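**Q** Handing you this structure, nothing more for now.
The values are calculated or read from the model by the stated rules, or taken from the named source; none is laboratory data. Predicted model only: the values in this text are computed from it and were never measured. When we count neighbours, we look across all protein chains shown, and the Cβ atoms used for this are built from the backbone with ideal geometry, even at glycine.
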């Protein structure tokens, strides 16, 4: 029997495993940013072609996201995670062994597609392992890994400078295989059990498994009719557009504009994108827990406000003509925007019923993936055309600010959508 006031009825071990999954995912994905100067030196491809790698990878990931969400609502989510993480390791191995740029390009696209399959399953699992009382913390600690890709940038730069860029990819195969094994050992929780208990319904172990699932397009339509999802997904898509462009090219900006070494630029960028999200997530978790229920759409107020103010600070940072002034303000900006990490995902879990959470998180993934797909490409094109990385980076500030404002707009519908989920769970 589960106590409705228990913050972790299944323990914290599943959260630790999903944190590791997200961390390995982002490290593998962001190795390229730190290694890019070395790879361009060896293969001689342009900034536009370099910027198109994340774009093509993101579009491939967007294609598989909705089918992955549909699958997560109908199959074992822990098994999906294990298989997908193992596929990451294979794609990373292929990246390190690539004999030419074309083969490398294909491996990065395959890796991105595989990485996107796990997100709906992981998002759905967290809501069934942790009740609303602790969801902000659970989602914060796992989703913060999205912004910890700086570790990959740092490792890529350091390992690439010391041993060559191929070694960095080959080393990451080992943690990928180990993480796949940890996922295989996880036990699948009953769908929707915690929602029913919190709503005062029966503690039915069968959960949502016994509920007949509608066809794909009908289920998709039901999810898209939830106003909060549309607001949050649109806002985060615009934020991701800006972050993807700015942080992909930040090490190159430091090398070209400030004369920093490849390893130093990658390390500094990595430090910023590790410290900022960790501090921002801690602040966001506290604000979300304090403001949830005490202010209208309190979590959205914290997250949307952080995004809006953080984007404005980033605009000021790009005006700096000193490397350390730039880095300091980017760190502040990253911290403020990371306040959204624990709050936005927890809100999404609150407004989507257990039977459709996999698809709900898939929708979020499609929006953010498509948004992030074009950030690096926009900066690359602007750089080739105007001879300045800053030109492209400045273009992306406006969408980030708009994204924060749109997220704040979700406050109008959140309470109503969240209550509907609890009412349905109590039946």
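**Q** Residue 142 - would you say it is touching a residue at least 40 places away in the same chain (Cβ under 8 Å), assigned to a helix (DSSP H, G or I), buried (at least 24 other Cβ atoms within 10 Å of the Cβ) and within 18 Å of the chain's Cα centre (by Cα)?
**A** On the way: touching a residue at least 40 places away in the same chain (Cβ under 8 Å): yes; assigned to a helix (DSSP H, G or I): yes; buried (at least 24 other Cβ atoms within 10 Å of the Cβ): yes; within 18 Å of the chain's Cα centre (by Cα): yes.
It is true that residue 142 is touching a residue at least 40 places away in the same chain (Cβ under 8 Å), assigned to a helix (DSSP H, G or I), buried (at least 24 other Cβ atoms within 10 Å of the Cβ) and within 18 Å of the chain's Cα centre (by Cα).
**Q** Inspect the range 301-322 for any residue being assigned to a helix (DSSP H, G or I), farther than 22 Å from residue 379 by Cβ and without any contact (Cβ under 8 Å) to a residue 40 or more places away in the chain and give the result as yes or no.
**A** So in the range 301-322, the residues assigned to a helix (DSSP H, G or I) come out as 301-317.
Then drop every residue that is not farther than 22 Å from residue 379 by Cβ, which leaves 301-306, 309.
From what's left, without any contact (Cβ under 8 Å) to a residue 40 or more places away in the chain: none.
Checked the range 301-322: no residue is assigned to a helix (DSSP H, G or I), farther than 22 Å from residue 379 by Cβ and without any contact (Cβ under 8 Å) to a residue 40 or more places away in the chain.
**Q** Can you tell me which condition residue 380 does not meet? The list is (1) over 18 Å from residue 237 (Cβ atoms); (2) surrounded by fewer than 24 Cβ atoms within 10 Å (Cβ to Cβ), and all the others hold.
**A** (2)
**Q** Report every pair of residues separated by at least 6 positions or lying on different chains whose Cβ atoms are under 9 Å apart, first residue within the range 375-393 and under 20 Å from residue 58 (Cα atoms), second modelled with pLDDT under 85 and outside any helix (DSSP H, G or I).
**A** These pairs meet every condition: 380/46; 382/388.
**Q** Please work out if residue 273 is in contact with a helix residue (DSSP H, G or I) (Cβ under 9 Å, 6 or more places away or on another chain), at pLDDT 80 or above and closer than 30 Å to residue 389 by Cα.
**A** Values: in contact with a helix residue (DSSP H, G or I) (Cβ under 9 Å, 6 or more places away or on another chain): yes; at pLDDT 80 or above: no; closer than 30 Å to residue 389 by Cα: yes.
The answer is no for residue 273.
**Q** Count, please, the residues in the range 286-324 that happen to be modelled with pLDDT of 80 or more and within 21 Å of residue 228 (Cα to Cα). Steps first, answer last, please.
**A** Here is the first cut: in the range 286-324, the residues modelled with pLDDT of 80 or more are 286-287, 290-291, 295-324.
If we keep only those that are within 21 Å of residue 228 (Cα to Cα) too, we end up with 287, 290-291, 295-308.
Residues meeting the conditions: 17.
**Q** Can you report the number of residues in the range 198-228 which are outside any loop (DSSP other than H, G, I, E, B) and either touching a helix residue (DSSP H, G or I) at 6+ places or on another chain (Cβ under 7 Å) or modelled with pLDDT of 80 or more (or both)? Reasoning before the result, please.
**A** So the first thing to find is which residues in the range 198-228 are outside any loop (DSSP other than H, G, I, E, B), and the list is 198, 207-210, 216-224, 227-228.
After this cut, where a residue has to be either touching a helix residue (DSSP H, G or I) at 6+ places or on another chain (Cβ under 7 Å) or modelled with pLDDT of 80 or more (or both) as well, the list is 198, 207-208, 216-224, 227-228.
Qualifying residue count for the region: 14.
**Q** Inside the range 161-172, can you point out the residues that are within 23 Å of residue 18 (Cα to Cα) and surrounded by fewer than 20 Cβ atoms within 10 Å (Cβ to Cβ)?
**A** 170, 171
**Q** Kindly evaluate residue 259 against the criterion of being modelled with pLDDT under 85, surrounded by fewer than 24 Cβ atoms within 10 Å (Cβ to Cβ) and touching a helix residue (DSSP H, G or I) at 6+ places or on another chain (Cβ under 8 Å). Talk me through it step by step, then tell me what you get.
**A** Working: modelled with pLDDT under 85: yes; surrounded by fewer than 24 Cβ atoms within 10 Å (Cβ to Cβ): yes; touching a helix residue (DSSP H, G or I) at 6+ places or on another chain (Cβ under 8 Å): no.
So residue 259 does not fit the description; no.
**Q** Would you say residue 38 is touching a helix residue (DSSP H, G or I) at 6+ places or on another chain (Cβ under 8 Å) and surrounded by fewer than 23 Cβ atoms within 10 Å (Cβ to Cβ)?
**A** Details: touching a helix residue (DSSP H, G or I) at 6+ places or on another chain (Cβ under 8 Å): yes; surrounded by fewer than 23 Cβ atoms within 10 Å (Cβ to Cβ): yes.
Considered against the rule, which asks whether it is touching a helix residue (DSSP H, G or I) at 6+ places or on another chain (Cβ under 8 Å) and surrounded by fewer than 23 Cβ atoms within 10 Å (Cβ to Cβ), residue 38 comes out as yes.
**Q** Based on this model, can you work out whether residue 58 counts as within 22 Å of residue 371 (Cβ to Cβ), surrounded by fewer than 24 Cβ atoms within 10 Å (Cβ to Cβ) and modelled with pLDDT under 85? First the steps, then the outcome.
**A** Working: within 22 Å of residue 371 (Cβ to Cβ): yes; surrounded by fewer than 24 Cβ atoms within 10 Å (Cβ to Cβ): no; modelled with pLDDT under 85: yes.
No.
**Q** To continue, here is another question. Could you tell me whether residue 113 is crowded, with 19+ Cβ neighbours inside 10 Å, more than 23 Å from residue 373 (Cβ to Cβ), out of contact with any strand residue (DSSP E or B) (no Cβ under 9 Å at 6 or more places or on another chain) and touching a residue at least 12 places away in the same chain (Cβ under 8 Å)? Outline the logic, then answer.
**A** Values: crowded, with 19+ Cβ neighbours inside 10 Å: yes; more than 23 Å from residue 373 (Cβ to Cβ): no; out of contact with any strand residue (DSSP E or B) (no Cβ under 9 Å at 6 or more places or on another chain): yes; touching a residue at least 12 places away in the same chain (Cβ under 8 Å): yes.
No.
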